[in-house]
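**Q** Sharing a structure, written as structure tokens. Questions coming.
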Amino acid sequence: MGLIISLIIIGLVLIMAEILIFPGIGFSGILGLLALVGSCLYAWLQISQTAGIIVCSVNVVLVIGLMIFALRSNTWSRLALNTKIDSRAG
């Protein structure tokens, strides 16, 4: 059970790093998704089918919650360029 929880935490941290630090589909996002899928597969194959379904459901809820948090917070305003250029070409 500890491996499943640590895979979920690692997956969420990597996806959050992909959203906040390294935008775009990159290495950390793919590794985060693989960690979440690995937690589902490990629970499904090693524990039971019911545990696999529960872990997959928890992963989906956590990823949706992470996306809602990232889209509603001031994350994008902190990353956006806010300088205005007032000069003109002569």
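The values are calculated or read from the model by the stated rules, or taken from the named source; none is laboratory data. Since the structure is predicted, the reported quantities are computational estimates derived from the model, not experimental observations. A quick note on method: Cβ atoms are made from the backbone with ideal geometry, for glycine too, and the neighbour counts reach across all protein chains shown. With ligands, DNA and RNA removed, areas are computed over all heavy atoms of the protein, side chains included. Shrake-Rupley method; radii C 1.70, N 1.55, O 1.52, S 1.80 Å.
**Q** Return one whole number: the accessible area per residue of the chain in Å², for a 1.4 Å probe.
**A** On the way: 6690 Å² over 90 residues.
Counting only protein heavy atoms, the per-residue value for the chain is 74 Å².
**Q** Let me ask you something else. Using a 10 Å cut-off on Cβ atoms, rank the peptides 13-20, 41-48 from the highest mean neighbour count down. Can you show the working numbers first?
**A** Values: 13-20: 17.8, 41-48: 15.1.
The most tightly packed comes first, giving 13-20, 41-48.
**Q** For the chain, give the percent of accessible area contributed by carbon and sulfur heavy atoms, probe 1.4 Å, rounded to a whole number.
**A** 72 percent
**Q** Would you mind telling me which residue in GLY32, GLY52, GLY24 has the biggest mean-square fluctuation in a Gaussian network model of the chain, where springs connect alpha carbons within a distance under 10 angstrom?
**A** In the Gaussian network model the winner is GLY24.
**Q** Given the chain reduced to its alpha-carbon atoms as identical point scatterers, what log10 I(q)/I(0) does the Debye formula return at q = 0.19, 0.25 Å⁻¹?
**A** Those come out to -0.85, -1.18, one per q.
**Q** Could you sort the peptides 3-9, 64-70 by per-residue average Cβ neighbour count (10 Å cutoff), highest mean leading?
**A** Final packing ranking: 3-9, 64-70.
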